[in-house]
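The values are calculated or read from the model by the stated rules, or taken from the named source; none is laboratory data. Bear in mind the structure is a predicted one, so any value in this text is a computation, not a measurement. Here the Cβ positions follow ideal geometry from the backbone for every residue, glycine too, while neighbour counts run over all protein chains shown.
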């Protein structure tokens, strides 16, 4: 009787860089700076979070860039991190069986997934993040803020996101796209919306997901629904989102909190041809987690949804529209 050994998948640690060729590079750069990202010391068109993950903006016609998954999509490549050179070698060997894998001068590799999205892999360059995230003074909790440590500060300065979180693709064949990431790269489904698509987690992170796939009909162009960075907690999302609105950007959905992943969210329109989210406090799952599956609905997509309004103070003669009744 023959036996088959289990396939060993590479240790993919998460997203490192999203490469865009935007229709308006200057507007996208300004947007990301207002969002909270910082220009890299060596590349003014690379905007980074605290851990060094980020977004690269490239001009149209830049040589060597892979094709977009559709003519209307401004994303050109999603770069993921791996733990070691052995992981890069394993991915190269696996994908070379049926597609080209390019070795790039910076040591990374580049290929394409089964939906036509360009993908890259590099040994992770994430930097350690120093500093606690938001703590809650819940009575009885063994972990709380220290005495005299404030939970929120008026007039707080610039808020920088901590790390690139996840990306959401529109794909024409969601089963084929999911099979590629699961069978070829070792991603696993953590949760699923029936008839829509899966939340996918690579082997090297506990984050609920780094990818979410949304199935769309063949006549709908493939592309990006949104991408997002992790912030230090819900207060940072609320404060930074409020500043973003005051800077003239338009909210799309939120603020609120999702059920799948439990992350706080606030989505905004953007010049990238997709939405951009701010998120915080995502669930972590290991191999013991059993995926949930439900039909998508407003009740299943969010635990609650808040309504943004400008700051307001009750007092004599003040009025409001009943939102707080």
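Considering only the stretch 223-239, state which residues are in a helix (DSSP H, G or I) and either surrounded by 23 or more Cβ atoms within 10 Å (Cβ to Cβ) or on the phi > 0 side of the Ramachandran plot (or both).
Selection gives 236, 237.
Output the residue which, of all residues in the stretch 91-113 that are over 25 Å from the mean Cα position of the chain (by Cα) and not in a strand (DSSP E or B), is surrounded by the fewest Cβ atoms within 10 Å (Cβ to Cβ).
Among those that are over 25 Å from the mean Cα position of the chain (by Cα) and not in a strand (DSSP E or B), it is 105.
Assuming residue 80 fulfils every condition listed in (1) in contact with a helix residue (DSSP H, G or I) (Cβ under 9 Å, 6 or more places away or on another chain); (2) over 26 Å from residue 275 (Cα atoms); (3) not in a loop (DSSP other than H, G, I, E, B) apart from one, which condition is it?
(2)
If you take the residues in the stretch 32-60 that are touching a helix residue (DSSP H, G or I) at 6+ places or on another chain (Cβ under 9 Å) and not in a strand (DSSP E or B), which one is surrounded by the most Cβ atoms within 10 Å (Cβ to Cβ)?
35
At pLDDT 95 or above, in contact with a strand residue (DSSP E or B) (Cβ under 6 Å, 6 or more places away or on another chain) and surrounded by 15 or more Cβ atoms within 10 Å (Cβ to Cβ): which single residue out of 252, 268 fits that description?
268
Against the conditions (1) over 30 Å from residue 310 (Cβ atoms); (2) in a loop (DSSP other than H, G, I, E, B); (3) within 13 Å of the chain's Cα centre (by Cα), where does residue 220 fall short? Just the number, please.
Of everything listed in (1) over 30 Å from residue 310 (Cβ atoms); (2) in a loop (DSSP other than H, G, I, E, B); (3) within 13 Å of the chain's Cα centre (by Cα), residue 220 misses just condition (3).
What residue, of 214, 245, is surrounded by fewer than 20 Cβ atoms within 10 Å (Cβ to Cβ), assigned to a strand (DSSP E or B) and over 12 Å from the mean Cα position of the chain (by Cα)?
Checking each option against the conditions leaves just 214.
Among the residues of the stretch 148-164, is there at least one that is under 28 Å from residue 8 (Cα atoms) and either part of a strand (DSSP E or B) or in contact with a helix residue (DSSP H, G or I) (Cβ under 6 Å, 6 or more places away or on another chain) (or both)?
Looking through the stretch 148-164, at least one residue is under 28 Å from residue 8 (Cα atoms) and either part of a strand (DSSP E or B) or in contact with a helix residue (DSSP H, G or I) (Cβ under 6 Å, 6 or more places away or on another chain) (or both).
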